[in-house]
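The structure appears below as structure tokens.
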Amino acid sequence: MQMREDGFPRGIQYRYYPTQLHLLTLLIALCFLILIGESGAWAYAQDGSMMNMQMQPRQLQNKPSSQAGLSQTSEAESDILSARQMIMLNMQREGSGTGWQPLDNPMMMKMFMEGPWVTMLHGGTFLDNSVQGGPRGGNKIRSQNWLMLSTSRPIGNNNIIQLRGMFSAEPFTIGKAGYPLLFQTGETYHGVALIDYQHPHDLFMELSADYMHRILPHTWVNFYVAPVGEPALGPVVFHHRYSAFLDPEAPLGHHVQDSTHISFGVLTASIIYKNWQLEGSLFNGKEPDENRYNFDFGPLTSYSGRLSYLLGQHWSFQISHGHLEDPERNEPGDVDRTTASVQYDKTFHHGWWANTLVFGHNFKSGHDDNSVLLESTVNFREKNYLFGRIENIQKSGLLRNEPAAAFNISDFSVGLGRELFRIMGIPITLGAMVSVYAKPHSLESVYGSFPISFHVFLHTNVPRMRM
């Protein structure tokens, strides 16, 4: 096998003509136009609400008892959530860490109830064969995966505790070097910066505890403590977004948008008023090292703040800013990160539709990185999926001899999936995705004239919670 100059496998050069690039770009654009043409942003499907005690959180918070179905003695009382109802609301809106997603999401989870405890199981696994084209590409069969378990209970009517653990077998199923991904950068292997490779996740992705306390009828304070966890910075991380449900690739803007989702030491305090959440975090901003099985604790010298808002059942918004002290292990210097995102999720009869728009900006000494991402997944007739992602990023770190040189890179991906069968209720889905890129001519000598990437994969996940 031919090797690149930095020791990574060399890929295959694919050659295409410009006309084919235009046609592929037009096809991807048409797919997104078809998705965007879906209407009914404010029509909420009644069968997507939570059963009995869960009810519809928007109705619980904003409607009197005659509409929300609560047997309370007054409208004022009916508008106040019990601690038990708040647990159910949190189940719907929690994405990753303390970040929020739209309420009307597909809820791929399994719920268990034992006494006062409510336990949730989430997870997903890919078995993926990827071919990344061009001189810097490569191919690899690997498995990306994660499993999360959370349990909550009320204490009286004004207090809630939650414990959460999230784990990944990627150190074993991908390996320390990660997997080939054109134009990706971030973290290291054998002390050398990864280029055109995506690093694996750590074995311990989250170990956290939350304590919520009601201080006013509609106002709660929350304290999040995590030896491993996610600070209040960035959108819901990509593998927890339903808009990226079947996408086997990490976004190229991952290290500009949501790379702090595994931080070894996080303290977050927040105040929640109905559909608003204001948060502040102190955390260890240093990215994980190459040993994916241990804990990389460090001082909590980084900080961030985030404002989140849920609009109705279908929309979530966040804007956040953070200061990361010396995050990259091989690139000294602090980073100031600003992100903003919008998510729109909607369930409907025999399917669902999820979308995310993300902006991220890293302010670094000497150069900045910008990124914009739009991704969408639609599930229709229960077993069929159409998904895609468009990214544009000002990317540095692609050239070892000029690490500060930044290039404008665009990625266009589109894929299809079909559920084949179920084993004990667990869906097995076959999928395929193709990615093409736009890049400066100055990179053709490095990446070739027109690299293209393919994925064929099997995917499984905790099935959708049926009401």
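The values are calculated or read from the model by the stated rules, or taken from the named source; none is laboratory data. Everything quoted here is computed from the prediction, not taken from an experiment. Cβ atoms come from the backbone with ideal geometry, glycine included; neighbour counts cover every protein chain shown.
Below is a table of values for the structure above.
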quantity	calculated
Unique residue being among the charged types (D, E, K, R), crowded, with 23+ Cβ neighbours inside 10 Å and either over 30 Å from F454 (Cβ atoms) or in contact with a Cys (Cβ under 6 Å, 6 or more places away or on another chain) (or both) when the list is E249, E279	E279
Subset of the stretch 412-430 [of a type in the set (V, I, T) and touching a residue at least 60 places away in the same chain (Cβ under 8 Å)]	V414, T429
S308, sole failed condition from (1) surrounded by fewer than 23 Cβ atoms within 10 Å (Cβ to Cβ); (2) out of contact with any Asp or Glu (no Cβ under 7 Å at 6 or more places or on another chain); (3) of a type in the set (G, A, S)	(1)
In the stretch 429-467, the residues that are within 14 Å of I409 (Cα to Cα) and part of a strand (DSSP E or B)	S435, V436, Y437, A438, I452
Flag for L430 being at pLDDT 95 or above and among the hydrophobic types (A, V, I, L, M, F, W, C)	yes
Within the stretch 284-398, strands (runs of 3 or more DSSP E) holding 1 or more residues that are under 17 Å from the mean Cα position of the chain (by Cα) and closer than 26 Å to D196 by Cβ	335-348, 351-364, 368-380, 384-396
Any pair with Cβ under 6 angstrom, 6 or more apart, that starts in the stretch 431-449 at a residue that is of a type in the set (F, W, Y) and ends at one that is crowded, with 21+ Cβ neighbours inside 10 Å	Y437/D411; Y447/G134; Y447/R136
Condition met for V192 (surrounded by fewer than 23 Cβ atoms within 10 Å (Cβ to Cβ), touching a residue at least 24 places away in the same chain (Cβ under 8 Å), under 27 Å from P171 (Cβ atoms) and out of contact with any strand residue (DSSP E or B) (no Cβ under 9 Å at 6 or more places or on another chain))	yes
Residue within the stretch 95-112 that is surrounded by fewer than 16 Cβ atoms within 10 Å (Cβ to Cβ), touching a helix residue (DSSP H, G or I) at 6+ places or on another chain (Cβ under 9 Å) and either closer than 24 Å to D202 by Cα or not hydroxyl-bearing (S, T, Y) (or both) present	yes
Selection count where residues are touching a residue at least 40 places away in the same chain (Cβ under 8 Å), over 13 Å from M205 (Cβ atoms) and assigned to a strand (DSSP E or B), scope the stretch 225-276	8
Qualifying residues in the stretch 195-226 (those that are surrounded by 17 or more Cβ atoms within 10 Å (Cβ to Cβ) and aromatic (F, W, Y)) - the one farthest from T125 (Cα to Cα)	W220
Hits in the stretch 387-413 - residues which are closer than 19 Å to N355 by Cα and not aliphatic (A, V, I, L, M)	F387, G388, R389, E391, N392, S410, D411, F412, S413
